[in-house]
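Enquirer: Questions regarding the structure given below will be posed in turn.
The values are calculated or read from the model by the stated rules, or taken from the named source; none is laboratory data. Keep in mind that what you see is a predicted model, and the values were worked out from it rather than measured. As a convention, Cβ positions derive from the backbone with ideal geometry for all residues, glycine included, and neighbour counts pool all protein chains shown.
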């Protein structure tokens, strides 16, 4: 006979999304079963957070603890073409009064911290239990799982929150179709020791390097470690492994100069089919949060923020739906629209990140109309504000015009034999974006 667990809400997945929604629902008086298939601490990628994570940590009561395990991140550095130079986008220059910094963390530490916090707030935590079968009906939710020693567990609840990440429990077992992007990508990543810092003393920024058909991240962590990962076409990554990762990062001059005598610590890991999104985010008595619903290429470090912000919104839906079931459908529609809208905002920048036009605009920021400050707000995770969104829409128009200009210049270069295009993108020293006074006062 299985061990029985009854609760108001079953949350499957003990990462940031699951732990956040479990904490918030427990705080509202609901009994919560929080089920994680592995044991904390466990490795997970997604180590760079956004400033908009900080208010969520504060609402959960864990901001000081996260600060203690994190490396302060003041902004994002985008490598200039060629052998050296970065353009720095400091969070302090965002359009609105958002936090001016974030953190890089080891996800093994962050996820365990958030899981333990959920238990301290009253959730019933279950680690090492894999849900194998799920049934959602009008009368409730039943999930069967196996724990240590193949011990059977049965969870019975009134509501299901699927925070199972890339396992996409509800998507697989409830028949919710997954949409795949027109351009697939994969990631190959590892931790390194003794990577050389950027050319100044602001060591906490994430550094993004473009490579052919992809990009590379460098994220400083505590203890002298740096997370380095390549995201590109799966055919380029191949079977992955240490040798392949080192070959890819060393082929980029702007990265090779920072490797020096750095050495890889541990194994190189891969993640394939990196981006996806489901056709539905919720249904009667169930809702998806975080990566269980959709995941983007992580070039803008949006994953943990989207997971935790989505968890906050999902907690509102579940709380209201349990109290007033007739409101469930409308609440779920609003939730799905908010999540899709935020994902779409990030997705557009992801889709165009490796284009020449985006490269040029990021390397030569023009803050007319506070557009660059809106870009920084997006980098900080502030994608719901209407003022930010209007300026991002204007940036899209500038991007389209820039694409046409580049096409025209290249056509003329082909005719005349000149190299006008190459003179527009050149090696650069470290440049930090600072809004001028006119832009600061622009309405």
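Enquirer: Quick one: residue 194 ticks every box in (1) in contact with a strand residue (DSSP E or B) (Cβ under 9 Å, 6 or more places away or on another chain); (2) in contact (Cβ under 8 Å) with a residue 12 or more places away in the chain; (3) at negative phi except a single one, so which number is it?
Expert: (3)
Enquirer: Could you check the stretch 373-443 for helices (runs of 4 or more DSSP H) lying wholly inside it with 1 or more residues that are modelled with pLDDT under 85 and within 15 Å of residue 355 (Cα to Cα)?
Expert: Helices (runs of 4 or more DSSP H) meeting the threshold: 386-416, 420-424.
Enquirer: Here's a follow-up. Mind checking which residues of the stretch 138-152 are over 32 Å from the mean Cα position of the chain (by Cα) and over 20 Å from residue 284 (Cβ atoms)?
Expert: Within the stretch 138-152, 149, 150, 151, 152 meet the criteria.
Enquirer: With respect to residue 207, is the statement that it is buried (at least 22 other Cβ atoms within 10 Å of the Cβ) and either touching a strand residue (DSSP E or B) at 6+ places or on another chain (Cβ under 7 Å) or farther than 24 Å from residue 88 by Cβ (or both) true?
Expert: So residue 207 fits the description; yes.
Enquirer: Please go through the stretch 31-53 and pick out each residue that is over 23 Å from residue 225 (Cα atoms) and in contact with a helix residue (DSSP H, G or I) (Cβ under 7 Å, 6 or more places away or on another chain). Write out each step before concluding.
Expert: Initially, the stretch 31-53 is screened for residues over 23 Å from residue 225 (Cα atoms), giving 31-39, 52.
Once the filter is applied, which keeps residues that are over 23 Å from residue 225 (Cα atoms) and in contact with a helix residue (DSSP H, G or I) (Cβ under 7 Å, 6 or more places away or on another chain), the stretch 31-53 yields 32, 34, 36, 52.
Enquirer: Here's a follow-up. Do we find that residue 120 is modelled with pLDDT of 95 or more, more than 25 Å from residue 153 (Cα to Cα), surrounded by fewer than 23 Cβ atoms within 10 Å (Cβ to Cβ) and assigned by TED's automatic domain parsing to the domain that holds residue 146 in this structure? Steps first, answer last, please.
Expert: Working: modelled with pLDDT of 95 or more: yes; more than 25 Å from residue 153 (Cα to Cα): no; surrounded by fewer than 23 Cβ atoms within 10 Å (Cβ to Cβ): yes; assigned by TED's automatic domain parsing to the domain that holds residue 146: yes.
Here the answer is no, as residue 120 does not meet what is asked.
Enquirer: Among the residues of the stretch 330-341, are any at pLDDT 95 or above, assigned by TED's automatic domain parsing to the domain that holds residue 167, over 22 Å from residue 179 (Cα atoms) and surrounded by fewer than 19 Cβ atoms within 10 Å (Cβ to Cβ)? Explain how you work it out, then say what you get.
Expert: Our first condition is that a residue be at pLDDT 95 or above; within the stretch 330-341, this holds for 330-341.
Add one more test, that the residue is assigned by TED's automatic domain parsing to the domain that holds residue 167, and what stays is 330-341.
Now drop any that are not over 22 Å from residue 179 (Cα atoms), which leaves 330-331.
Checking which are surrounded by fewer than 19 Cβ atoms within 10 Å (Cβ to Cβ) leaves us with 330.
Within the stretch 330-341, one or more residues are at pLDDT 95 or above, assigned by TED's automatic domain parsing to the domain that holds residue 167, over 22 Å from residue 179 (Cα atoms) and surrounded by fewer than 19 Cβ atoms within 10 Å (Cβ to Cβ).
Enquirer: Being outside any loop (DSSP other than H, G, I, E, B), surrounded by 22 or more Cβ atoms within 10 Å (Cβ to Cβ) and modelled with pLDDT under 95: is that true of residue 143 here? So that I can check it myself, show each step before the final result.
Expert: Working: outside any loop (DSSP other than H, G, I, E, B): yes; surrounded by 22 or more Cβ atoms within 10 Å (Cβ to Cβ): yes; modelled with pLDDT under 95: no.
No.
Enquirer: Additional query: Taking the condition in contact with a helix residue (DSSP H, G or I) (Cβ under 6 Å, 6 or more places away or on another chain), closer than 30 Å to residue 316 by Cβ, surrounded by fewer than 18 Cβ atoms within 10 Å (Cβ to Cβ) and assigned by TED's automatic domain parsing to the domain that holds residue 283, does residue 166 pass?
Expert: Yes: the conditions hold for residue 166.
Enquirer: Kindly indicate whether residue 59 is surrounded by fewer than 17 Cβ atoms within 10 Å (Cβ to Cβ), under 23 Å from residue 189 (Cβ atoms) and either touching a residue at least 60 places away in the same chain (Cβ under 8 Å) or under 21 Å from the mean Cα position of the chain (by Cα) (or both).
Expert: Spelling it out, it is not the case that residue 59 is surrounded by fewer than 17 Cβ atoms within 10 Å (Cβ to Cβ), under 23 Å from residue 189 (Cβ atoms) and either touching a residue at least 60 places away in the same chain (Cβ under 8 Å) or under 21 Å from the mean Cα position of the chain (by Cα) (or both).
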